[in-house]
Amino acid sequence: MRKIVYTSFLALLLGASACTVADVQRTVDGVLAGTGGPVTRDEVAAGLRQALEKGIRSGSDQASQEDGYYRNPLIRIPFPEEVKRVENTLRQVGLGNEVDKFILTLNRGAEDAAKSAVPIFVSAIKQMTIADAWAILKGDKDAATQYLKRTTSSQLRDAFMPVMQRSLEKTNATKYYADIVNSYNQIPLVQKVNPNLNEYATQKAMDGLFLLIAKEEENIRENPIARTTELLRRVFSRENQT
């Protein structure tokens, strides 16, 4: 049987010279899927969990590198929007370097905290049911990420916030922010501010991780080469065929 499958597979490849790369990938994917028999409900659930964990680890690896947040325009954490006037005013009075230093350390805090995100996220995806998995498989390209975001954000925030707090203190972002706010509040006639930096940084860091996870999920759904295990190939190739 293996010989027949291999021969058919080889013949398909040899006959693919007139096809596009996408055609070849779909053909290869179909052969791989066809060798394993019908995909089961348990495999769908396991495959979705595996895809999410793969996305989580990939996203966390990207985010936790130096400049993972700071140099990535998609997830870079800016000065808190609700106190944007603080940044603008401080730059006008010659304290732009202090603002830039704070933004750098803020993103360094997120990069440091991202290292601890994996076990928190992985624990959360274990709660996914088989029914959830089937709905996700036929959903939008980021359906698994949206499910994770929808069902775990509150718990994740509670678990991630102390991690972020330690990281902000470690990188001196908390100190720099306090200095900036104090400097601003001493300017005559300004409306004093003191927003919660940890809450802001935690939400932004989580948003960035979810965005990276969504990109990895989309890649797994659309690119057969990104399906690095047999289970992922079986589950997601079935999705493409139906």
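Starting at the first residue of the range 142-147, write each ³J(HN,Hα) from the Karplus equation 6.51 cos²θ - 1.76 cosθ + 1.60 with θ = phi - 60°, in whole Hz, x for Gly and Pro. My calculation for the range 142-147 gives 10, 4, 5, 5, 5, 4 Hz in order.
Under the rule a/c < 1.5 gives rounded, and otherwise a/b versus b/c splits prolate from oblate, where does the range 150-205 land using the Cα gyration tensor? Here the range 150-205 falls in the oblate category. Would you mind classifying the range 164-242 by shape? Square roots of the alpha carbon gyration tensor eigenvalues, ordered a ≥ b ≥ c; an a/c under 1.5 is rounded, otherwise it is prolate if a/b is larger than b/c and oblate if not. Prolate. Using θ = phi - 60° in the Karplus curve 6.51 cos²θ - 1.76 cosθ + 1.60, the 3J(HN,Hα) couplings for the range 94-109 round to x, 10, x, 5, 5, 5, 4, 5, 5, 4, 4, 5, 4, 6, 5, x Hz; x is entered for Gly and Pro.
Between residue 98 and residue 141, the modelled labels are 4.5 nm apart [label points 7 Å from Cα along Cα→Cβ].
Length gained on full extension, residue 57 to residue 172, computed as 0.36 nm times the residue gap minus the Cα-Cα distance: 38.7 nm. Projected over every direction and averaged, the convex hull enclosing the alpha-carbon atoms of the range 46-228 yields 10.9 nm². Compactness of the range 50-93 is given as radius of gyration and Dmax, 15.5, 52 Å, from Cα positions. In order along the range 111-119, phi translates into HN-Hα couplings of 4, 5, 5, 4, 4, 9, 6, 4, x Hz, rounded to whole numbers, per the Karplus curve 6.51 cos²θ - 1.76 cosθ + 1.60 with θ = phi - 60° and x for Gly and Pro. Relative intensity of the range 80-146 on a log10 scale, I(q)/I(0) at q = 0.15, 0.22 Å⁻¹, equals -0.71, -0.93, per a Debye sum over C-alpha point scatterers of equal strength in the absence of solvent. Here each label is just a point 7 Å from Cα along the line to Cβ, and for residue 191 and residue 134 those points are 5.3 nm apart.
Any read-out appearing in this document is the output of simple, stated calculations on the displayed coordinates, not a laboratory observation. Every value quoted in this text rests on a predicted model; they were computed, and no experiment measured them. When we count neighbours, we look across all protein chains shown, and the Cβ atoms used for this are built from the backbone with ideal geometry, even at glycine.
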